[in-house]
Each structure stands twice: as structure tokens, then as C-alpha cells.
Amino acid sequence: MMKINLTVNKNIFNEAYLPYLETEQRFNIFYGGAGSGKSVFVVQKMILKYLKMPKRKCLVIRKVAATLRDSIFAEFINQLENTYKILEYCTVTESRLAIKLPNGSLFLFKGLDNPEKIKSIQGVDDIIIEEASELTLDDFSQLNLRLRSKAPNQQIHLMFNPISKGNWTYHRFFENGLPDDTLIVHTTWKDNRFLPDEYIKELLKMKEINPTYYKIYALGLFATLDKLIYTNIEIKDFDWTKLKYIKKFGLDFGYTNDPTAFSCSLMNLPERLIYIFDEHYQTGMLNNHIANMIKAKGFQNEIIRADSAEPKSIAEIRSYGIPRILSAKKGPDSILNGIQKLQQFKIIVHPNCKKHILEFENYTWKKDKNTNEFINEPIDEFNHLMDALRYAYSDVTEVFDRKNYSGKGARQ
């Protein structure tokens, strides 16, 4: 075991978090807006705690394991290397996402998509939950039961952006007053002096484009979701041939009960505008029929992103003379992430695109029967062109990303 003499300058922290470097409450809730620096602070705080307490074990959790490496695991590496400058003395095991400090204290990074692996971990002294609102109350309850070692000051740190009042985090920690065992800290981008100006500008654009999104991610407040998923829609006539923007095409497969849906749009990325100008919506289409439809519209040489769940259909359509049809890029939580991406644009729909309009007017969030609040989960109806539209923009990464951006202390 190696002893490290560490001198910490308080300037590495955002001032709003300094009172919370040492806390005794079991539940430490850091919530609020995107870019507030809350996750960075929790990482900084827990590294300090674990440098003071040898041979302690912390479980670091996200709902989906695949999201850990490029988010909070990367932030631990960043802080150990660039802030505390002790990474060379740590043992980092990339293959199983583990970091051991010089004094033997250990951080283990796990996803809840395989809960059996969590149950096998013994001797957990602390837990960090990133994007806690993505979990369920049952997930959280099971994690809480994992803290049963004899170590002092066992804590669970939760970080999240408030979404709907239907989310379990609101009911558990906010609805009935503040329990004695709970610390709640609310922060926004204004509390993070390390934020790049460009990020702030992008965040504030949401006030005009999507007020609910702005309330959640800029102001960091629990918001009652609108029934409709897309409230950023305008139906307006335009001549798409005179708009020199980037063409975007998406294809969702169907056959007997569900239609094949083809969405055609233009993207003006700097102005955050999408123009939907054409569509196709039909059941019973074989792959050669789909290829012929695309050719008839004159888009056979365009990049078309289709549902990646059907690689055989994509290959077959390509063989029918649509050479640039590709699988849509999908990742963890691809539906919600795709929706959030499209919510950052103003979407202008041509009046002739009647099936798009039908789906936009009926594509809604699910409602919690117990609370009567809309929850952050879309219904599985009126979503064929909605899915095709998401596929078309699945390769667009330059829009505002609330989770990752550059700059010191610059993850949420």
C-alpha cells in the first residue's frame, strides 16, 4: 500500500460545491441543469474520500453498462490524471472497468442491465449512481440493500437532471419533505465557472425551441411533460428544391400490420431547422417495391438510414439499385436519445406530408396511472415515420449534447 501526500487547491472546485466536500448523510442528491458540474464534483469528492480511507470499495452505477466507459469512468481517469495527478500510482483495469487507488481503495463500474453481476459483488461501502433518473425505484432499492458492510459513513450519491414529476426520484426524495438522512443540492450551468461559452449559448437556445427541455436542462427543474412528444412543430408550405440544405432520409420497415415509412427532410444545422418535404407510408411492401419507390422519387443515390434490426432487408434493397442505404446508428437508449436530439430543432412540415402530421399530432408520452403524470417513455403507436425520422438523424452528433462537452470540469 502506497501513501500519497496530496495537496488540494480549492480552486479546482466550483464554489457552489465546496460546502459539500464532507457530508454525513446516507443519501447525497446532486440534481439540476445540464452543465452544472455535479457529476464532476461527485467524482472529485469521492476520490478525496477514498484517498483518506484505505481498502474501501465503491460501486459506480449507470443503467446501461455500455455508457460507463465514455462517461463517468472517463471522468475518474481525467480527475486522477489532470486534477489530482496521481493516475500513474493507480491500477486501472480497462477490461473490467475498475480503478484501484494507491491505498488499496477500489472503484468498480457496473451497469444495471445485468443485475445478477451486481448481486455477486460483496463488501460495498459506497455507491455512486450517474443519471439516476434512468433507473427504476426497484433498481435503487436493490442497490440500497447492497450497503451492508461495517465501514463508517456509507453513502449513496445520486446525480441526475430532473425530468418528469412522474419519475421515481421525485416521489422518493422530493414529494414528502426532506428526510434527515438525505442531502439535496440543486445547481445549474450558472454554478459551473469552467463551462465554455459556446455550450452556454447552445443550452440557452432551448428556451425558444423547446421550453420544457429548457426548464429541465437549463433551469434544472422538475417539469410536467407535455402530452405530445414533439411540441416544436410548424406546418408550413415551402419549396424544398430552393433550400440548399443537407438532405436526410430515413426508412422504417413494415409489412402486414405496420406500414413501411420513408421520411425525407432537409437539415439546417446552424439554425437548428428541419424541413420535412416528402414521405411514403404503405403496408405490404416487399423490398423490391421499396427500392422502386425510392427510385421513383429520384433519391436512389442518396444516403438513406434504415432500421438496423433488418440487415437482410437493407442488403437486399442495396442489391436492387439503392447503393447508399445504410443501417441507422443505434446505441443505448437510442429512442430517447433520438427524440431528445430532434427536440432541439424546430421542425417545419410541408402540408402535403399528411402522415407525418398525423403521427406528430398523436405521438405522445405514456401516462403513469398512479400519478397521472406523463413519464419519459413514448407510446408504441403513431411512430413509424417518427422512427424513420430518428434513423435519418442518427448520424448527427454536432447538436447540443447535454452529457458530454469539452472544457475543464465540463461534464455534468
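The values are calculated or read from the model by the stated rules, or taken from the named source; none is laboratory data. Please read all numbers here as calculations on a predicted model, not as lab measurements. Note: ideal-geometry Cβ built from the backbone for every residue, glycine included; neighbour counts use all protein chains shown. Calculation scope for accessible area: heavy atoms of the full protein, side chains included, ligands and nucleic acids excluded. Shrake-Rupley method; radii C 1.70, N 1.55, O 1.52, S 1.80 Å.
The apolar share of the surface of the stretch 203-309, taken as the fraction of accessible area on carbon and sulfur atoms (1.4 Å probe, ligands and nucleic acids excluded), comes to 49 percent.
Note that the stretch 109-180 shows a convex hull volume over its alpha carbon atoms of 99 Å³ per residue. The phi torsions of the stretch 361-368, fed into the Karplus equation with coefficients 6.51, -1.76 and 1.60 and a -60° offset, translate into couplings of 7, 10, 7, 10, 6, 6, 10, 6 Hz, rounded to whole numbers, with Gly and Pro shown as x. Built from the Cα atoms of the stretch 176-328, the convex hull projects on average onto 14.5 nm², one quarter of its surface area.
The figure for F345 is an accessible area of roughly 0 square angstrom, using a 1.4 Å probe on the protein chains alone.
Neighbours of D181, meaning other residues whose beta-carbon lies under 11 angstrom from its beta-carbon, give a summed charge of -1 when Lys and Arg score +1 and Asp and Glu score -1.
Here the stretch 368-387 and the stretch 188-249 have alpha carbon centers that stand 20 Å from each other. Every pair of different Cα atoms in the stretch 169-253 enters the Kirkwood calculation, which places the hydrodynamic radius at 17.1 Å. DSSP bridge analysis restricted to the chain gives an antiparallel fraction near 40%, rounded to the nearest 5. Think of the stretch 21-147 as a dipole: +1 on every Lys or Arg Cβ, -1 on every Asp or Glu Cβ, centred on the Cα centre; then among F30, T83, V64, T83 lies furthest on the positive end.
Model label sites at L286 and D181, defined 7 Å from Cα along the beta-carbon direction, differ in position by 6.4 nm.
Every pair of different Cα atoms in the stretch 53-144 enters the Kirkwood calculation, which places the hydrodynamic radius at 13.6 Å. The convex hull of the Cα atoms of the chain, projected and averaged over all directions, covers 21.9 nm². Only Lys, Arg, Asp and Glu carry charge here, each on its Cβ (+1 for the first two, -1 for the last two); on that basis the chain has a dipole of about 1100 debye about its Cα centre.
With a Förster radius of 25 Å applied to the beta-carbon distance between L145 and E24, the computed FRET efficiency rounds to 0.75.
Ordering R172, R146, R193 by accessible surface, largest first, gives R193, R172, R146; the 1.4 Å probe counts only protein heavy atoms, with every chain in place.
Per residue, the convex hull spanned by the Cα atoms of the stretch 240-332 amounts to 109 cubic angstrom.
Can you give the net charge of the other residues whose Cβ lies under 12 Å from the Cβ of K100, counting K and R as +1 and D and E as -1? Show your work: numbers first, answer last.
Values: positive: K55, R56, K57, R96; negative: none.
Here the count lands on +4.
Using a probe of 1.4 angstrom and keeping all protein chains present, the accessible surface of the stretch 1-135 works out to 43 square angstrom per residue. Sum -39500 (n - 2.57) across every DSSP H segment of at least 4 residues in the chain, then divide by the residue count to get the 222 nm mean residue ellipticity, nearest 500. Rounded to the nearest 500, the figure is -7000 deg cm²/dmol.
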